[in-house]
Structure formats: structure tokens, C-alpha cells
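None of the figures in this text is laboratory data; all of them are computed from the coordinates on show. Here the structure is a predicted model, which is why all the values come from computation and not from measurement. All Cβ positions, glycine included, derive from the backbone under ideal geometry; neighbour counts span all protein chains shown.
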Amino acid sequence: MIRTKIESLLAPILAEFTDTPEKYLGMLTRCNDPKFGDYQANFAMSLAKTQGKNPREIASSMLSNILAADTEKMFAKVEVAGPGFLNFTLSDDWILHALTDISHDERLGVLPTDSPRTIILDYSSPNVAKPMHVGHIRSTVIGNALYRILKFLGHRVIGDNHLGDWGTQFGMIIYGWKHFRDENAFQQAPVTELSRLYRLVREKMDADEQIADACRKETERLHSGDSENLALWKRFMPFCLDEINRVYDRLDIHFDETLGESFYNDRLPGIVRMLQEKGLATESNGAMCVFLPGHENPMIVQKKDGAYLYATTDLATIEYRLETFSPDTILYVVDHRQSEHFEMLFQTVRLLGYENLELRHVRFGTVLGEDRRPFKTRSGDTVGLEGLLDEAVSRARAILMENSTEIPPEKMEETAQNIGIAALKYADISQNRESDYIFSYDKMLAMNGNTATYMQYAYARIQSIFTKSGVDPATDFSHMVLKLTHPSERALSLELLRFSEALEAAVKDYRPNFLSAYLYELANCYSSFFENCPVLRAENEEVRNSRLLLCNMTARTISLGLNLLGIHVVERM
Ligand code: ARG
């Protein structure tokens with residue numbers, strides 16, 4: 001909110017110096033050193049360069065315009081520094097007013113957007129019939145965080161789990177079922193048996209081209225509606241869905257739509273026909289291909305044997321989504337290894353004439369083990385997602401048992417579940433999504449540092465102040481007046497005012513780690529406030545009340561912010 005305010009004040013002033021003020025507004029940043037002020041801008045330097053003028057002169061003439069425009073008295077001080085920086089120091093009064101304005105607002109001052117968009121968020125989207133593994137964490141938790149933030153900001157968001165429920169794994173499993181099934185094992189643990197068959201057939205296929213061919217034929221039969229294969233598919237699917245839904249329930253992640261690849265099967269011939277009619281698809285070596293500038297290989301939409309491909313389904317999915325939801329944006333939260341697929345897909349859609357549809361591949365890197373290689377079990381298998389959840393929870397339980405005296409025994413299990421899963425989600429979300437990261441239980445559950453545990457602990461500590469103070473957070477705040485008596489109170493207040501800014505930053509390029517980084521900074525500001533400013537033993541009633549209100553606002557911001565990342569706070573820890 002501070003940023004938007006300063007920007008709207010600066011925009012008309014910049015407009016006197018340039019035709020593209022927006023370009024320069026991005027140069028407004030926070031001061032690293034509070035000695036220089038709260039915000040700084042170096043646009044006078046860039047303007048001077050393009051206009052061949054002296055930067056300090058430009059900065060000085062802006063300065064007087066800024067002071068004249070600042071009728072609200074937002075700034076205590078604006079100065080020109082060094083080669084032509086503008087340094088802005090906010091006035092304490094303005095901070096107090098702004099914070100008081102939002103102190104009773106449930107949304108903590110975050111206004112819903114005035115230009116809501118319809119956004120389809122394609123996320124999680126595992127290939128079913130195999131248990132979910134570590135690779136599924138990223139799309140699932142990053143996607144869900146974006147879902148929650150965008151929705152909170154007032155967009156119409158449709159979360160769609162685009163299941164891989166129609167792929168070649170089914171041909172393999174059907175082949176395996178017909179030749180190697182263990183009915184008993186299937187009765188006991190259906191998905192375990194299906195994935196055993198999958199692995200078994202995978203091995204055999206690699207060694208024997210005939211088996212590979214037989215599997216392809218089974219997939220083909222399924223796709224063309226063969227009754228036996230379709231019946232098997234229909235028999236397997238409910239178990240596959242139960243399997244993933246159990247994980248989604250534990251993660252508290254739910255979708256508006258779960259439309260898997262199978263849903264689009266009937267549309268595939270039409271897609272290829274349409275591409276041909278528009279002259280986009282041409283035959284090459286018997287296959288139907290879309291040749292795209294900048295790509296050596298074409299995007300294949302139908303193979304020689306008639307089979308349709310991943311890209312064909314994705315085109316059909318876009319067609320359906322356009323008809324059904326009229327989206328402005330479709331986001332695909334998918335592994336970076338699929339970058340080329342999405343580039344080609346998006347290029348094709350643009351050639352089809354959908355210029356105004358924003359398509360974005362929100363891509364992410366790999367989860368690595370402590371040895372910096374893709375995270376695998378000792379036997380070389382990928383690590384199951386449920387096992388990871390169990391381990392995180394059991395480690396959280398052990399830490400709580402050892403350190404916490406506050407948790408009543410009947411709450412222990414629930415708290416451990418919450419903290420374990422929060423740690424795992426947060427460890428993923430808080431990374432720059434495009435980088436690989438190293439999976440470490442110790443790091444994710446650390447009480448200090450940028451972890452969910454640290455933030456949940458900060459929240460619980462604030463709740464315990466309230467328990468001790470006898471103030472009921474639900475009712476007793478109306479008479480409390482904010483005051484700034486110490487630099488840490490000021491720093492905390494400024495940080496509280498930056499919540500909406502952090503949310504904007506998180507959706508700008510679809511990076512929820514900007515929200516987690518903000519919450520971490522907020523928790524740090526709170527921590528120095530707490531060290532420097534006694535709350536319950538404040539020097540007088542007024543200061544005590546003001547500090548209680550700051551505590552309350554911090555707790556609410558942490559709780560709402562974590563919630564938008566899909567993480568729940570705990571009252572005691
Ligand atoms: N099922 C795919 C996979 O596991 C991801 C699907 C992503 N979404 C899409 N519309 N292509 O690799």
C-alpha cells in the first residue's frame with residue numbers, strides 16, 4: 001500500500017520528464033539502510049542519461065514538485081543524495097494513520113483488484129496409477145499457493161487438476177494385468193499392485209521390443225473404445241483417484257475441476273482436422289505435424305499409427321476451457337523440463353488467432369537429495385509423497401515432544417500433523433521456483449530461519465501474550481490507539497503496511513516465494529520489536545495497548561499470509 005501511494009504521487013511528476021513514467025516507477029526500491037530513509041529511487045540518473053542532463057539537477061527539480069504534491073504529508077523528509085538518488089522518509093504520523101486505517105480490517109488493507117481476470121490454474125496434474133512421488137510436491141503446493149493468493153486478490157480462479165489418466169502407462173498396466181496380475185494383492189492394495197505391474201512391464205519392455213509393441217496396442221485399444229480395456233480402465237480409476245485424494249486431503253488442497261486427459265478423448269480427431277483445415281498441420285513421414293518457426297522438430301499431433309499425443313490433448317483442453325470458462329489467462333504449473341512443449345503449444349494457439357489469451361508456463365526446478373542429485377530412495381526409486389509427509393510429521397512430533405510444554409496432550413497429534421506438513425509445503429514454496437532445491441527435514445523444521453516452523457512459532461508466541469494479558473483479541477481492540485515510541489515499533493509498522501505490496505509482488509510473475517520472504521521479514525521485525533519493547537510490562541497503559549495492537553496485527557498478518565500459502569497456524573506450540 002505504501003508503494004502504490006508513493007507511485008501515484010510520483011507518476012504525474014515523472015510524466016513531466018518522460019513519456020513512459022511507468023518504466024521509471026519500477027526503480028523505486030526500499031532502502032537497505034534505514035539511515036538513508038525508507039524508500040529510494042535512482043530514476044533521475046537514468047533520465048539524465050537519456051536526456052543528457054545533470055542527474056542531481058533533475059532530482060532537485062523533482063524534489064520540489066514532490067514536496068508540493070505531498071499534501072497528505074506522507075513524507076517527513078525527501079532528499080537528493082549522492083549522484084542523484086532521491087531518498088524518501090515516511091512521516092510517523094502518516095504511518096500511524098495508515099496503520100490505524102487497516103487495524104480493524106479483516107483483509108488487512110488489501111483491496112480486491114479493480115480488474116479481475118478469469119484465470120485457469122492447471123496444477124498438480126499427476127500421472128495416475130502410480131503413487132504420487134516427491135516430484136509432485138512442487139506443482140501441487142506452488143499451484144495451490146497461487147490459487148489462494150489470486151483468489152484473495154479478487155480474481156475468478158479455476159483450479160483444474162489435469163490428471164494424466166489416459167496415457168501409455170495404462171496400456172502397460174493393462175498388459176501387465178492380463179499377464180502377470182496377482183488378484184489377491186490387488187484386493188489388498190490396488191494401487192500398489194498396479195504400480196508393481198507398471199514397474200514389471202517397464203522392465204520387460206526395455207528388454208523386449210515385442211512386449212513394448214503389445215503395450216502400445218493395449219493403449220490403442222483403450223483409446224479406440226475396446227470394451228475389455230475400457231472396463232479395466234474404469235475398474236482401476238476409482239482406486240487411482242482414492243490414492244491421490246488421500247494425499248490432497250492431508251495437504252488440504254482441493255480443486256474446482258479434475259478433468260483428466262481422458263475427458264478430452266472425443267475432441268482429439270476434431271483438433272487434428274481443424275489444424276489441417278487452417279493449414280497449420282501437415283503430413284510428414286505419415287505423422288501429422290505442426291512446424292513452428294524457431295523449433296527444429298515439429299509438434300506432432302497424430303502419429304503414423306493414428307495415435308494422438310500429449311500436445312493434441314493440451315490443444316483440446318484449451319479449446320474446452322475457452323468454450324467453458326472464457327479465461328483471460330491459463331497458468332500451467334509444470335516442471336521446467338516441459339518448457340519446449342509449452343512454447344510450441346502456446347505458439348500454435350497464437351497462430352490459431354487467440355492473441356488476447358495469456359498463456360504462461362509457471363515452471364519450476366527439481367527437488368534434490370542431500371547429495372545434490374535428484375531425490376531418490378536408496379534403492380534408486382523416486383521417493384513416495386506419502387512417506388515424505390509421514391516422515392515430516394514424525395519429526396515434527398519428536399521436536400514438539402522434546403521442546404514444547406505448551407501443547408495439551410490431546411492436541412499433540414493434530415499439531416504435529418499441522419507443523420510437519422506446513423514445514424514441507426513452506427520449504428518448497430519459499431524457494432525461487434525456477435531453481436533446484438535440496439530437500440532437508442532438518443532445515444525445513446528449524447525453529448530459526450525462513451521456515452514455516454519459525455513463523456508458526458512467532459504466531460503462537462503472540463497468542464500466548466494475549467492469553468497472559470487477559471485481553472480478548474476478538475473484542476477489546478476498539479479503544480487501543482497506536483503509538484510509535486521506539487524505532488522497532490516503527491519498523492514493524494512499516495512492514496505491516498507492506499502486506500498488499502508483497503501479495504502484488506507474488507502474483508506479478510507468479511512467484512509465491514515473494515510472499516514467504518515478506519512473512520519472514522515481518523517475523524524478524526516482530527522479533528526485534530519483541531526484544532526491544534516490553535509489551536505486558538510497558539511503561540504505561542497506552543503504550544501497552546498500542547503494543548498489544550501491533551502484536552495482534554502481526555499475528556493476523558502471519559496467519560492470513562500463511563493461509564494464502566496453504567499453511568495453517570497453531571495456537572500453541
Ligand atoms: N501429467 C503431466 C505430467 O505428469 C503434467 C500435466 C500438466 N498439464 C498440462 N496441461 N499439460 O508430466
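The GluC sites (Glu not before Pro) of the range 539-571 meeting both criteria, a DSSP state outside H, G, I, E and B (loop) and at most 15 other C-beta atoms within 10 angstrom of the site's C-beta, are Glu539, Glu571. In the chain, helical runs assigned H by DSSP with n ≥ 4 each contribute -39500 (n - 2.57); averaged across all residues and rounded to the nearest 500, the mean residue ellipticity at 222 nm is -17500 deg cm²/dmol.
The HN-Hα couplings worked out from phi for the range 106-114 by the Karplus form 6.51 cos²θ - 1.76 cosθ + 1.60 (θ = phi - 60°) are 4, 8, 6, x, 8, 7, x, 4, 8 Hz, whole numbers, x standing for Gly and Pro.
Less than 5 angstrom separates the built amide H of Ser125 from those of His162, all sequence-distant by 5 or more or on a different chain.
Check each of the GluC sites (Glu not before Pro) in the range 379-464 and keep only those in coil by DSSP with at most 14 other C-beta atoms within 10 angstrom; list them in order. Filter output for the range 379-464: Glu434. Proximity of backbone amide H atoms, modeled 1.01 Å from N, is registered between His133 and Leu385 at under 5 Å, excluding neighbours fewer than 5 places apart on the same chain. Across the range 420-426, coupling constants 3J(HN,Hα) worked out from phi with the 6.51/-1.76/1.60 Karplus curve, θ = phi - 60°, read x, 6, 4, 4, 5, 4, 5 Hz, and Gly and Pro carry x.
Scanning residues 5 or more positions from Phe75 or on other chains, those with amide H under 5 Å from its amide H are Ser91, with H placed 1.01 Å from N in the peptide plane. Quick check on the chain: of the DSSP beta bridges with both residues there, what percent are antiparallel, nearest 5%? Roughly 55 percent of the DSSP beta bridges within the chain come out antiparallel.
Do any chymotrypsin sites (Phe, Trp or Tyr not before Pro) in the range 448-497 lie in a loop, going by DSSP, with at most 10 other beta-carbon atoms within 10 Å of their beta carbon, and if so which? Kindly include the intermediate steps, with their values, before the conclusion.
Values: sites: Tyr454, Tyr457, Tyr459, Phe466, Phe477; in loops: Phe477.
Answer in residue order: no site qualifies.
Most exposed first by the Cβ proxy, i.e. fewest other Cβ within 10 Å, how do Phe325, Phe514 rank?
Numbers: Phe325 17, Phe514 20.
By the 10 Å Cβ count, ascending: Phe325, Phe514.
Arranged from fewest to most other beta-carbon atoms within 10 Å of their beta carbon, Cys240, Cys289 become Cys289, Cys240.
Expressed as a whole number of Å, what is the distance separating the alpha-carbon centroids of the range 15-85 and the range 429-477? Between the Cα centre of the range 429-477 and that of the range 15-85, the gap is 36 Å. Placing a label point 7 Å from the Cα of Ala11 along the Cα-to-Cβ line, the residues of the range 106-122 whose backbone N sits under 14 Å from it are 114-115.
For the chain, the longest principal axis of the Cα atoms and the long axis of helix 268-277 meet at an angle of about 80 degrees.
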